[in-house]
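Here's the structure we're looking at; comments come further down.
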Amino acid sequence: MACLSHKSEIENTFSDIRMFSFLEKKSSMLDEEKINALLDTILDFKDSLIKKTERIHHINECIEKLTWLNDLDEECLMLTNDLISAAKDLHSSLIRQYTSMSYIRKKGIAKDEIKNFKDSMGELKEGYEDLESVFFFLPKIPDFVETTRQLSLV
């Protein structure tokens, strides 16, 4: 009786191995559809990162233009202060996104796009810090005010 249950167990194992082996011979490890889907996802990720980086560059250009404005009234200074706060918030969100890409960075996927994204974030931080300095910190320094006055006469 024990021999019959052993025989059944052996036959079931054999059948399982046989079916698995047959299916593996029919399928390729490199399923073209799955690989294409993976590559399409990587391309979509890269494209999304490129667009996001371009948008950050545009914002950086706008912030840089603002640093050249003169004689802002209180309302404009208040708006500028709000803009700086929004830019800091945006920078924090982008930092979190960059941090969440650590696995992708370690795997070397989209290296150039991620590097450009990171660089644009650094430029954003530099931009809002410049804006803050120009309108809120430097005007309190007498030498800066005098130099600015002299430059405006030229």
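Across the chain, C-alpha contacts under 8 Å between residues 6 or more apart give a mean separation that, scaled by the residue count, equals a relative contact order of 33 percent.
Tell me which of I63, L79, F20 sits at the most positive position along the dipole axis of the stretch 6-119, charges placed on C-beta atoms (Lys, Arg +1; Asp, Glu -1). Among I63, L79, F20, the one farthest towards the positive end of the dipole of the stretch 6-119 is F20. Helix 142-153 and the longest principal axis of the Cα set of the chain meet at an angle near 80°.
Across the chain, the volume of the C-alpha convex hull divided among the residues equals 185 Å³ per residue. Calculate, for S48 and K106, the FRET efficiency according to 1/(1 + (r/R0)^6) with r their C-beta to C-beta distance and R0 25 Å; round to the nearest 0.05. Result of the calculation: an efficiency of 0.80. Phi angles of the stretch 84-93 translate, via the Karplus equation with coefficients 6.51, -1.76, 1.60 and θ = phi - 60°, into HN-Hα couplings of 4, 4, 5, 5, 5, 5, 4, 4, 4, 5 Hz per residue; Gly and Pro are given as x. Under the convention that each Lys and Arg Cβ holds +1 and each Asp and Glu Cβ holds -1, the size of the dipole of the chain around its Cα centre is about 1000 debye. With respect to the chain, whose longest principal axis is taken over its alpha-carbon atoms, helix 32-66 is tilted by about 10°. Once the Cβ-Cβ distance of H58 and F137 is raised to the sixth power relative to R0 = 25 Å, the FRET efficiency obtained is 0.45.
Only the coordinates and a few stated rules stand behind these numbers; no lab work does. Since the model is a prediction, treat every value here as computed from it, not as a measurement. For neighbour counting, all protein chains shown are included, and Cβ atoms are generated from backbone atoms with ideal geometry for every residue, glycine included.
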